[in-house]
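Below: one structure, written as structure tokens.
The values are calculated or read from the model by the stated rules, or taken from the named source; none is laboratory data. Predicted, not measured: the structure shown is a model, and the values here were computed from it. Don't worry about glycine lacking a Cβ; one is built from the backbone with ideal geometry, like all the others, and counts go over all protein chains shown.
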Amino acid sequence: MLFVIQKIGFWAIQARVRCILASILGIMEEFDTILQKNANSTELRVNTFMMHNTPLDAIGNTPLVRVPFDSPATFYAKLEYLNPSGSMKDRSALFLVTQAEQQGLLKPGYTLIDASSGNHGIALAMIGAIKGYSVIITVSEKISREKLDAIQAYGAQVVMCPSTAVIEDPHSYHSVAKKIREETPNSYMVNQYFNPLNATAHYSSLGPEIIKQTSGTITHFFSGAGTGGTLSGVGKYLKEYDPAIKVIGIDAANSYRATQGNPQPYAVEGIGIDFISPVMDYSVVDAIETVSDAEAFSMLPILAQKMGVLAGPSSGAVAYAVQKQAKKFAPNDVIVMIFGDSGRAYLTKNFYTVRGARMVCSSI
Ligand SMILES: Cc1ncc(COP(=O)(O)O)c(C=O)c1O
């Protein structure tokens, strides 16, 4: 009898142990599935959004952020300063370098040379550091300290030139870059001011991105114009997508174009149409509006202190032009503005020190 009771107890314990084991196995299986799911989702997240071989793979896909102007319409700033070297010039500089490599014009060990108001030079300097090219950038005296330092921080050489009224002046940064190119063996001049591929870069990258991000609802596009590459490239893409989309360029009020050939000095960096170039395609541009230095700078503390967007002066110019006409837009209008670079590149110029900036905002 005792034996039978012992046997039953043993079976009960065995069954209990089996049960516990089964449930442990079950939990482990469940756990494995969860881990597997997490692993997969982590892998997906990592591969899609976070892991890149070099900063060059992280160029583009910058966010659109709402700007609460007082208007029935919807406004977005495309924060191009979130590109790896800090501006939309990452897109065009990489495109121009890659094309030159593919055409055999740029070979390992070569020196990259170009003229720049700063951001294109910073982008080229970053690309040179990654791809192993030496880089020489000619700049004009009005470049900010931060942009100058950034070019050099990437290991590039800077040649400072006087600010000249016209680009053809033999002392202009463009003319000096051409001369350096002639005197430097195994060198290639990217030539952002006269290379039409500058616009093609934005046609193939920024344009499609804006259509995708707005699900094709964009009605107006505003961009500063210097070389005209951003405006013309994106403008061409948008017009091909829907000819009704309005493309508006922002020029410096004292530029060569704005003054009909009688340019005066101006302080905004990046924008200003100061020459006739094959990069600028007026056939895809509906209007060009002009903004003075004071108007552009007046927007900077407002954007920083009311929106938390620390943007550079060309973004200030674009935002000023758009805000001025904000009430005229219709409720279904979707306006995209290019914010080309960050205010961090201009902090020593004291554009942001005005306290208590005022802006009339709508609620988002
Ligand atoms: C900050 C910024 N905004 C606007 C522009 C004008 O762009 P694009 O040369 O494509 O006309 C530049 C050009 O250097 C720039 O650096």
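Just a few scattered comments:
- When we screen Ser223, Ser232, Ser215 for residues that are over 26 Å from Val291 (Cα atoms) and either more than 21 Å from the chain's Cα centre (by Cα) or of a type outside the set (Phe, Trp, Tyr) (or both), the only hit is Ser215.
- Hits in region 261-303 - residues which are hydrophobic (A, V, I, L, M, F, W, C), in a loop (DSSP other than H, G, I, E, B) and either in contact with a strand residue (DSSP E or B) (Cβ under 8 Å, 6 or more places away or on another chain) or free of Cβ contacts under 8 Å to residues at least 40 places away in the same chain (or both): Val268, Ile271, Ile273, Ile276, Val285
- Residue satisfying all of: in region 178-207; surrounded by fewer than 17 Cβ atoms within 10 Å (Cβ to Cβ) and in contact (Cβ under 8 Å) with a residue 40 or more places away in the chain; farthest from the ligand (Cβ to nearest atom) among these: Asn186
- The single condition among (1) more than 20 Å from Thr74 (Cα to Cα); (2) at pLDDT 95 or above that Gly249 does not satisfy is (1).
The rows are residues; the columns are (1) surrounded by fewer than 21 Cβ atoms within 10 Å (Cβ to Cβ); (2) in a helix (DSSP H, G or I); (3) within 15 Å of the ligand (Cβ to nearest atom).
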| residue | (1), (2), (3) |
| --- | --- |
| Ser215 | yes, no, no |
| Ile218 | no, no, no |
| Thr227 | no, no, yes |
| Thr230 | no, yes, yes |
| Val234 | no, yes, yes |
| Tyr237 | no, yes, yes |
| Gly249 | no, no, yes |
| Asn254 | yes, no, no |
| Thr259 | yes, no, no |
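- Among the candidates Arg91, Arg66, Arg145, residue that is among the basic types (Lys, Arg) and within 14 Å of the chain's Cα centre (by Cα): Arg91
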